[in-house]
1. Looking at the chain, send over the antiparallel percent of its DSSP beta bridges, to the nearest 5.
2. Relative contact order of the chain, please, whole-number percent, based on alpha carbon pairs below 8 angstrom and at least 6 residues apart.
3. Which value at 222 nm does the chain reach when only helices count, each DSSP H run of 4 or more adding -39,500 (n - 2.57), with the total divided by all residues and rounded to the nearest 500 deg cm²/dmol?
4. If you line up the long axis of helix 34-44 against the longest principal axis of the chain, both from Cα atoms, how many degrees apart are they, to the nearest 10?
5. For Cys166, Cys76, what's the largest-to-smallest order of accessible area, 1.4 Å probe?
6. Quick check: net charge around Asp118, other residues with Cβ under 15 Å of its Cβ, Lys/Arg +1 and Asp/Glu -1?
7. What FRET efficiency do you get for Gln36 and Thr171 if R0 is 25 Å and r is their Cβ-Cβ distance, rounded to the nearest 0.05?
8. Report the accessible area of Leu178, computed with a 1.4 Å probe over the heavy atoms of all protein chains in place, in Å² rounded to the nearest 10.
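The values are calculated or read from the model by the stated rules, or taken from the named source; none is laboratory data. This structure is a prediction, so every number in the text was calculated from the model and none was measured. Methodologically, a virtual Cβ is constructed for each residue, glycine included, from the backbone with ideal geometry; neighbour enumeration extends over all protein chains shown. Accessible surface areas use protein heavy atoms only, side chains included; no ligands, DNA or RNA. Shrake-Rupley method; radii C 1.70, N 1.55, O 1.52, S 1.80 Å.
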Amino acid sequence: MTTRDQMLASIKANQPALLPTPTNFTFMSVYPDLTQQFIDVLTFVGGAALVVPDFASIRASLHTQFPNMTSVATTCPELTDLADVTMNVTDPHELSGLNLAIIEGPLAVAENAAIWVDERQLPQRVAPMITQYLVIIIRQSTIVPNMHDAYKLLNVDETGFGTFICGPSKTADIEQSLVIGAHGARSLMVYILP
């Protein structure tokens, strides 16, 4: 018997007893205010959020935050007049100079400030990853406590693509120094409508 065989035999002889897989692997999260929890976590991970009453307030805020911005695209019907670029392109390379993408998120998660988007909001799935600045609009009523609750509401078979976005692009790979905007959007602004 080789040393390798001896080691594998020893590991096999000392394995713990098999246990059944839990049938209900979920947990409950309770927050006093789902919206505030979402905002606090998003701020912690480098994003920003603003509760607004309507699309007019979003428009005013965008004009203040991004004055004279060009190469703007949106899939939000209420803000199409702000766009000078369309996301409805056949070649995603046509969006290589995208400065600002404005999209809607149909579902948000309070525990980690993740926002679900799929191809219904993104005709070009690369848009939130290559834009310089990203804006996502959500509704307060779509914020759920945790990821277990989110997955209960999602039917991933309905679309060919979907992803959760949480905060701006960031990495701490090099000497554990946090860098925002390293691999994607430099900022994420979330507008929360009632």
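1. Beta bridges within the chain, antiparallel portion: roughly 30 percent.
2. Numbers: 338 pairs, mean separation 48.6, N = 194.
Across the chain, relative contact order equals 25 percent.
3. -6500 deg cm²/dmol
4. Approximately 80 degrees, to the nearest ten.
5. Output order, biggest surface exposure first: Cys166, Cys76.
6. Working: positive: Arg120, Arg125; negative: Glu104, Glu119, Asp157, Glu158.
Summing Lys and Arg as +1 and Asp and Glu as -1 gives -2.
7. Values: r = 28 Å, r/R0 = 1.11.
Once the sixth-power term is evaluated, E becomes 0.35.
8. 120 Å²
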